[in-house]
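Below: one structure, written as C-alpha cells.
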Amino acid sequence: MEQTFLMVKPDGVQRNLTGEIVNRFERKGFKLVGAKLMQISDELAKTHYGEHEDKPFFGELVGFITSGPVLAMVWEGENVIATARNMMGKTNPLEAAPGTIRGDYGVTVGKNIIHGSDSPESAQKEINLFFNDNEILSYSKQDSEWVY
Ligand code: RTP
Ligand code: MG
C-alpha cells in the first residue's frame, strides 16, 4: 500500500495544530503507521530540502525547520501521496483554497504548517531519511477493504 511522509512544521507544533492535522488524515481514512516528535538537525534539514539548496530562501527554510520540534509521520493508503498534497493546499497559503490545511491555517509561504512528499520517489526517500524500518508499523484496524 502506498505510503507518504508528512511533517507538521515548527509553526504547526507551536500553534497547537498537531492534533487538528492528525485528525484530518485520520478522518479522511488514511492510516498512521509511523510518528515521532523530533528536532531536526542542520544536516538532516539540508538533506531533506536539498532540491532547494540554490534557492534564495534555502537558508531561511533550513533555519526555520530546525527551529523547534516537528511531528514526523508516515501515512498509508490508496493514493495517499497526491491526496495528502491536495489536503495540504498550495505551497503559498495565499493561493491555498479554504478547506485545505494551508488555506485554513497558513498566512505566509515560509511558515505553511505542513510538509508532504510530492511524488512516490520523494516519499520513499523522505521515509527512509526520517524513519528506521522498525519505526514503521504494519497493522490492521478493521476487517474492511475500504479502511486503510
Ligand atoms: P514542502 O516541501 O515543505 O512540503 O512544500 P512544497 O512542496 O509545497 O513547496 P516546495 O517548493 O518544496 O518548497 C519548500 C518550502 O520552502 C518554502 N518556500 N519559501 N520564500 C519563498 O518564496 C519560498 N518558497 C518556498 C515553503 O515553506 C515551502 O513549503
Ligand atoms: Mg516540497
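Couple of notes before you dig in:
- Pairs of lysine residues in region 2-138 that meet both criteria, 8 or more places apart or on different chains and Cα atoms under 13 Å apart, total 4.
- The helix-only estimate of mean residue ellipticity at 222 nm for the chain, built from DSSP H runs of length n ≥ 4 each weighted as -39500 (n - 2.57), is -10000 deg cm²/dmol after division by the residue total.
- Ranking of 85, 27, 15, 102 by neighbouring Cβ atoms within 10 Å, starting from the fewest: 27, 15, 85, 102.
- Estimated from the Cβ-Cβ distance and a Förster radius of 30 angstrom, the FRET efficiency linking residue 47 and residue 134 is about 0.90.
- Compactness index (Cα Rg / 2.2 N^0.38 Å), region 2-138: 0.97
- Residues with amide H under 5 Å from that of residue 114, placed H, sequence gap 5 or more: 9
- Size of electric dipole in region 12-95: Cβ of Lys, Arg +1 and of Asp, Glu -1, about Cα centre, debye, nearest 20: 400 debye
- Residues 42, 54, ranked from the fewest to the most other C-beta atoms within 10 Å, line up as 54, 42.
- Nearest-20 debye value, region 42-148 charge dipole, Cβ charges on Lys, Arg, Asp, Glu: 400 debye
- Charge tally for residue 66 (other residues, Cβ to Cβ under 12 Å; Lys, Arg +1; Asp, Glu -1): -1.
Only the coordinates and a few stated rules stand behind these numbers; no lab work does. Here the structure is a predicted model, which means the values were calculated and not measured. Cβ coordinates were reconstructed from backbone atoms using ideal geometry, including for glycine residues, and neighbour counts include every protein chain displayed.
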